[in-house]
1. Taking the stretch A:320-335, which residues are under 14 Å from the mean Cα position of the chain (by Cα) and within 17 Å of A:HIS277 (Cβ to Cβ)?
2. So B:ASN299 clears everything in (1) in contact (Cβ under 8 Å) with a residue 40 or more places away in the chain; (2) over 20 Å from the mean Cα position of the chain (by Cα) except one condition, right? Which one?
3. How do the pairs read when you match residues in the stretch A:376-394 that are of a type in the set (Ser, Thr, Tyr) with residues anywhere that are crowded, with 21+ Cβ neighbours inside 10 Å and at pLDDT 95 or above, using Cβ under 8 Å and keeping only pairs 6 or more apart or on different chains?
4. For the stretch B:298-317, which positions are at the interface with chain A (Cβ under 9 Å from one of its Cβ atoms) and hydroxyl-bearing (Ser, Thr, Tyr)?
5. Restricting the search to the stretch A:98-123, which residues are facing chain B (nearest Cβ under 8 Å) and in a helix (DSSP H, G or I)?
6. Out of curiosity, is B:ALA361 within 14 Å of chain A (Cβ to nearest Cβ) and either of a type in the set (A, V, I, L, M, F, W, C) or under 27 Å from B:GLY234 (Cα atoms) (or both)?
7. Scan the stretch A:210-219 residue by residue and report those that are assigned to a helix (DSSP H, G or I) and in contact (Cβ under 8 Å) with a residue 40 or more places away in the chain.
8. Taking the options B:GLY320, B:GLY267, B:GLY278, B:GLY329, name whichever one is surrounded by fewer than 24 Cβ atoms within 10 Å (Cβ to Cβ), within 26 Å of B:GLU155 (Cβ to Cβ) and either of a type in the set (D, E, K, R) or in the same structural domain as B:MET367 (by TED's automatic domain parsing) (or both).
Number of protein chains: 2
Amino acid sequence: MKRLCALALVVVAGAVLTAQPARRAISLVVIGRSVITQNARHQILSPGAVAISGNEIVDVDTPDAIALKYRALDTIAARDQIVLPGLINTHTHAPMVMYRGLADDLALMDWLNTYIFPAEAKTVSPEMVRIGTRLAALEMIESGTTTYTDMYYFEEEIAKVTAEAGLRGVLGETIIQFPVADAKTPAEGLARAERFIKEFKDNDLIVPAVAPHALYTNDRATLVASAELGRRFGVPVIIHFAETQDEVKVAREQYQMTPAAALESIGFWGPRTLAAHGVWVTDADIEILKRHGVGIAHNPESNMKLASGAAPVRKYLAAGVAVGLGTDGAASNNDLDMFEAMRQASFLAKLSTMDPTAVPAQTALDMATILGAKALHMEGLIGSIEPGKRADLITVGMNATRQNPLYDPVSHLVYVTRGDDVRTTIVNGKVLMKDRQVRTLNRSEVIADANKLAQKVREAVGR
Amino acid sequence: MKRLCALALVVVAGAVLTAQPARRAISLVVIGRSVITQNARHQILSPGAVAISGNEIVDVDTPDAIALKYRALDTIAARDQIVLPGLINTHTHAPMVMYRGLADDLALMDWLNTYIFPAEAKTVSPEMVRIGTRLAALEMIESGTTTYTDMYYFEEEIAKVTAEAGLRGVLGETIIQFPVADAKTPAEGLARAERFIKEFKDNDLIVPAVAPHALYTNDRATLVASAELGRRFGVPVIIHFAETQDEVKVAREQYQMTPAAALESIGFWGPRTLAAHGVWVTDADIEILKRHGVGIAHNPESNMKLASGAAPVRKYLAAGVAVGLGTDGAASNNDLDMFEAMRQASFLAKLSTMDPTAVPAQTALDMATILGAKALHMEGLIGSIEPGKRADLITVGMNATRQNPLYDPVSHLVYVTRGDDVRTTIVNGKVLMKDRQVRTLNRSEVIADANKLAQKVREAVGR
């Protein structure tokens, strides 16, 4: 970690002797005890300040230098807090917060057939998706997530709620071979996805995407059509990939190949593909993913809780594959806290390689920020605090007892911090939460609506 | 989960017809939306109330029934919260909170030789131990731990601070072959341990113990003498056991046996032994531990972060070995939050057995409460909310966004709750924290003292 040299001091001294230079009018300054930029040099400014104009970061410097250069309409003085890029959740199913804790500790097929599928069959609707997404958005804003990637049904409803809440979303309409709530056939799903993409492709917060569910839940033609749709509109294509050993078996039976090779053989991998999980891969598979620029969404908590396995994160990173972090849906995890995902990514990598140096704290933080942005092919826009990028950032309290003493802020962010320590969440230059008060959602209404709907979920599964 | 049948209603009806019966005067009633008793039948009362007289639980019933039977000096009405037994941390090194986050992600010997040993050599003193234990006690009270097991130096200082803070402690004076801050030789350590045991053996909160550090850091004579000291005074004997593969290698070289068999061969295992970690054991080793009634302190977070391995928790439980949970010291974990330990125990067991049904939420909660009490051979006193046991209990908020909706309180306690959700901590009938205000420690003073001392730690390791 290097500090920016304090060139600003020269300017300060100069200002005393000459006329006060004209200060540029901007919308917001955020000041912290440290600004962890996550730029390519991993610079940390202590103290530091971020200058924001509209939806864009225009400068990062010492608080004194920023004060000299800019006149801000609003200032967030988080002098006892750490400022860092907003966290990027690269894999979830937002409305599934409605099923969190409904059933745990079951074999996958029991869990799906006895609880999740019956609950979804009886409760998924545009209204359920709106209520669930509002609850998920509230939880994400409260825990410092500023961009999230989703795969679910009625994705246009998810997009509307996400934009209203002020979050950035990479949102994929699910394509699946069997009949689901929003499409009786994959063709219907593809038509819905196309309408969705057209509706949202110019939205400043929403990146619409197409999300063929998985290799084992779609036939070859549907996978090819999904990839083609993504390419035609230049939008992301999101898929569950190599999550379990069962999927490897299916690929072998149907394609006589690994999942990575099977998807390559049908021309599925494209320049904006995001593959969620990627647990069961060979070294040759990693080369395939690297060759096509595929990003990986690593979900350590879900992979442990569902006993799926341990993704070879260190191998991916060594090969230059961008690995982001995800929480997965709250039905399997059971929360959307990216601080837990960071800690778990580090713990799981160390255990699975039997090497305590694997995925150090800095790498876990990278995966939750800049590497997540790269996995989404959006590193030009988000993932670090740098001039020209979108103003997506958070401030995090460091005053909890468990955060004392403080020797290394990056260690603390990964190993002892929780989402509840986040104090401010800013997306696209807009303050969504300040001092833990969310401004874009009515918290008590959101929770009351969810609890009312939960009664229907209980009835659906006979609990 | 079964509910207590509402026999109290009969009493209520009767009371209307006859004279009001005299109500017994008691000190405290705690009311919750649910009382999770953790008794042998896993009873949950919703709503429920706990009647406390002095340091003892005298009754558990519906709030109405408790109101009819008792007149309490004080009432904690936590009607939106869950009441459960205080959590039992079966393995930590309290003062090591002073080294949390000082160095992470290093190979074990680098970590010890470059950071921990130099920091300890230059900073461990009675004063450091007091300051560190106060900080640890604050963190434990704030996160719902009511009993903790410790191994460190100057354990008499730890005992004094623990009793002042009002926590229950099973505290072991460390015996180690090489010179340490409080003993130049193991003989000195044993003499200090004996004085410590004599001083605290009648304390209502402190269970003094002897803690030979490990098989690989003590010779045979010291191990035997330590076990003998424990037996002579009928106090617990605590040891690090089979934590790493290196220890297995040492046992093979020095004893031509596994660690469990080696310790059996010298008569080490006794009726009150607690073995921390127990990662690398054979099925025959588990039988040895079972035969001697040894308790295991399982430390899933530390075992993952240090890449030690995955303890065979399911095998231990199937064999009838009592497995409690521990956080390990904050230098390796890096916090003392038992909710994290529960979640991690479940995740790690599922991953390491590749079975999502391993260590379900209820079992994780058992390990943090009644099984932890059994591992400490204290199940007659603590670990569940039952009449006759010590009044060690906590109330936990369920209103965080991530805790909505709520289908199953046990699932939520393990999978989405954090120590920060704890609202009330009661030990031995005394309210140590109410509405997150700790009463027995001055929070700002404790943190200021720790941060002042941290400067010496920084200097000791040149950071």
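1. Listed by number, the residues that qualify are A:ALA322, A:VAL323, A:GLY324, A:LEU325, A:GLY326, A:THR327, A:ASP328, A:GLY329, A:ALA330.
2. (2)
3. Correct list of pairs: A:SER384/A:THR37; A:SER384/A:GLN38; A:SER384/A:PRO85; A:SER384/A:THR369; A:SER384/A:ILE370; A:SER384/A:ALA373.
4. B:SER308, the sole residue that qualifies.
5. A:MET98, A:LEU108, A:TRP111
6. Taking the combined requirement at face value, the residue satisfies it.
7. The answer is A:LEU215, A:THR217.
8. B:GLY267
The values are calculated or read from the model by the stated rules, or taken from the named source; none is laboratory data. Keep in mind it's a predicted model, so treat the numbers as computed, not measured. With ideal geometry, Cβ positions are generated from the backbone for all residues, glycine too; neighbour counts draw on all protein chains shown.
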